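The values are calculated or read from the model by the stated rules, or taken from the named source; none is laboratory data. Predicted, not measured: the structure shown is a model, and the values here were computed from it. Positions of Cβ are backbone-derived with ideal geometry, glycine not excepted, and every protein chain shown enters the neighbour counts. Side chains included, ligands, DNA and RNA excluded: accessible areas come from the protein's heavy atoms. Shrake-Rupley method; radii C 1.70, N 1.55, O 1.52, S 1.80 Å.
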Amino acid sequence: THFGYEQVQVDDKEKRVADVFHSVAAKYDLMNDLMSMGVHRLWKAIAIEYSGVRTGQRVLDIAGGTGDLTMRFSKLVGPTGQVVLADINDSMLKVGRDKLQDRGVSGNVRFVQANAEMLPFPDNHFDCITIAFGLRNVTDKQKALESMARVLKPGGRLLVLEFSKTNNPLLTKMYDTYSFSLLPMMGKLIVNDSESYKYLAESIRMHPDQETLKGMMEQAGLVRCSFHNMTGGIVALHKGIKP
Ligand code: SAM
């Protein structure tokens, strides 16, 4: 049946994503620095800036992986606040937990294995939710956005940091060349896995553009949705508020 076919596709994607992140977990941070030439640090710093997170607040970093954002939020919210680092993949979570422990980040951070599509948290719980370079890996993105909206407090913010669409044809051409030939080559050299980095490039190409994602956030019930392009639209930061 048609339904049966779709089910297979969905399971395929979930398994593929799981394989990719189990495979790259140990070298994930190194690859991030190399592939983005360090710029991912800047993108993340801007996201933190936009979050407006303050002392004592409760933050969810979903698809948090190795914890770059969680680490910074942990300092911002202080001992009276709480940060939940959640990810579907236990290999990524383990690398994240070890890294945060090594850097002395603890006390106000919880680690939870969870799927963004069905978050295991109460309604109206978080002041801020971030999903950085994670949404494109989620099978049902609309469902994930709705789940995030549910666990946000009224007035709380959702920030989506994700690869997006450039509007400059030359930049697009350069970027495509980079992601479809250089990226898999680097993947091969560094983690001996070019397939995972091919997946990465494909998932970026398939991801909804700025306006579409904004519409999906509105559809999920968020208001005052807007986005901010970075690096010519290679990355966009979307923001929405729960009414
Ligand atoms: N946020 C981190 C960062 O910016 O460095 C990690 C980003 S990493 C590219 C994407 C993460 O999304 C992986 O750790 C992966 O396990 C996680 N992920 C994929 N699908 C997910 C889902 N359905 N729910 C939660 N996390 C998911």
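Across the range 152-243, the mean sequence separation of Cα contacts (distance under 8 Å, 6 or more residues apart), normalised by length, yields a relative contact order of 45 percent. Once you order the gyration tensor axes a ≥ b ≥ c over the Cα atoms, which shape class does the range 94-242 get: rounded for a/c under 1.5, otherwise prolate or oblate by comparing a/b with b/c? Verdict is oblate for the range 94-242. Apolar share of the accessible surface for the chain: 57 percent from carbon plus sulfur atoms, 1.4 Å probe.
Label point 7 Å out from Lys27 along Cα-to-Cβ: which residues of the range 164-187 have amide N under 18 Å? Under 18 Å, as judged by backbone N against the label point of Lys27, lie 179-187 of the range 164-187. Considering only Thr139, Thr70, Thr177, give the residue with the highest GNM mean-square fluctuation for the chain, with springs between Cα atoms whenever their separation is below 10 Å. Top of the fluctuation ranking is Thr177. Annotation: extensible slack from Met185 through Arg16 equals 58.9 nm (criterion: 0.36 nm per residue apart, minus Cα-Cα distance).
Could you tell me whether the range 139-190 comes out rounded, prolate or oblate from its Cα gyration tensor? Rule is a ≥ b ≥ c as square roots of the eigenvalues, rounded for a/c under 1.5, then prolate if a/b exceeds b/c, otherwise oblate. Prolate, because a/c is 1.5 or more and a/b exceeds b/c.
Overall form of the range 67-129: oblate. Here a/c, set by the Cα gyration tensor axes a ≥ b ≥ c, is 1.5 or more, and a/b is not larger than b/c.
Of all the options Leu170, Leu159, Leu182, the one that moves most in a Gaussian network model of the chain with Cα springs shorter than 10 angstrom is Leu170.
Only helices enter the 222 nm calculation for the chain: every DSSP H run of n ≥ 4 contributes -39,500 (n - 2.57), and dividing by all residues gives -15000 deg cm²/dmol, rounded to 500. Solvent exposure of the chain amounts to 48 Å² per residue of accessible area, where only protein heavy atoms count and the probe is 1.4 Å. Looking at the chain, the DSSP beta bridges with both ends there are about 40 percent antiparallel.
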